[in-house]
Amino acid sequence: MRGRYPSGPEFVAKLDGSSQAKERLQVLLETMAGTCRTGEACERLGISEQRFDQIRIEALQAAVHGLEPGVAGRPAHAPHPAEVEVERLKKQLAELKAERDAALLRAELAVTLPRVGGVEAKKA
């Protein structure tokens, strides 16, 4: 058989958490793997069988909840208020440049094109 050997309940030691939580999880996994009986697990943890059942249900429910599929991809980027202001100012600048260009074009046309009807109306 190729590949790594499977990790057992001792893998819990590599996880983050308090030593008590790690011990509880390791004993829980040992009982599920069949290497430790429930009575022995209760003695090691110093709890009753009812409490052990509660811990097992809570741990397995948390595991199921943690393995639910999530939203695919990265979380949406929330723009910084400064970025929003920069975009607003860029848009405003573009509008002002368009207005300026239109005004310059009107002024240029007024200077270069003869006045139609204006000069003839004065002579008549």
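The values are calculated or read from the model by the stated rules, or taken from the named source; none is laboratory data. What you are looking at is a predicted structure, and each value in this text was computed from that prediction instead of being measured. Ideal geometry is used to build each Cβ from the backbone, glycine not excepted, and the neighbour counts take in all protein chains shown. In case anyone asks, the SASA skips ligands and DNA or RNA and just uses the protein heavy atoms, side chains included. Shrake-Rupley method; radii C 1.70, N 1.55, O 1.52, S 1.80 Å.
Who wins for biggest fluctuation among L113, L15, L28 in a Gaussian network model of the chain, springs between alpha carbons below 10 Å?
Its mean-square fluctuation being the largest, the pick is L113.
Leaving out ligands and nucleic acids, and using a 1.4 Å probe, what accessible area per residue does segment 28-124 come to in Å²?
Heavy-atom accessible area per residue stands at 88 Å².
What residue among G73, T112, S18 has its Cα farthest toward the positive end of the dipole of segment 5-124, where the charges are +1 on Lys, Arg and -1 on Asp, Glu, each on the Cβ?
Going by the charge dipole, the pick is T112.
Which whole-number percent gives the relative contact order of the chain, counting Cα pairs below 8 Å spaced six or more residues apart?
11
Once both labels are modelled 7 Å past Cα along the beta-carbon direction, what's the R2-E99 spacing in nm?
Distance between the two pseudo-spin positions: 7.0 nm.
Jot down the per residue volume, in cubic angstrom and as a whole number, of the convex hull over the alpha-carbon atoms of segment 33-124.
220
Once you order the gyration tensor axes a ≥ b ≥ c over the Cα atoms, which shape class does segment 1-83 get: rounded for a/c under 1.5, otherwise prolate or oblate by comparing a/b with b/c?
The shape class here is prolate.
Tell me the label-point distance for the pair A33, E58, using the 7 Å Cα-to-Cβ offset, in nm and rounded to one decimal.
Simple spin-label model gives 2.3 nm for this pair.
If you roll a 1.4 angstrom probe over the protein chains with everything in place, what fraction of the accessible area of the chain belongs to carbon and sulfur, to the nearest %?
With neighbouring chains kept in place, the figure for the chain is 58 percent.
How large is the charge dipole for the chain, taken about the Cα centre, if only the Cβ atoms of Lys, Arg (+1) and Asp, Glu (-1) carry charge, to the nearest 20 debye?
Using Cβ point charges on Lys, Arg, Asp and Glu, the chain gives about 820 debye.
Anyone know which of P69, P114, P79 comes out most mobile in the 10 Å Cα GNM of the chain?
Largest GNM mean-square fluctuation: P114.
Could you check the spin-label model distance between T112 and R74? Points 7 Å from the Cα along Cα→Cβ, value in nm.
Label at T112, label at R74, 4.8 nm between them.
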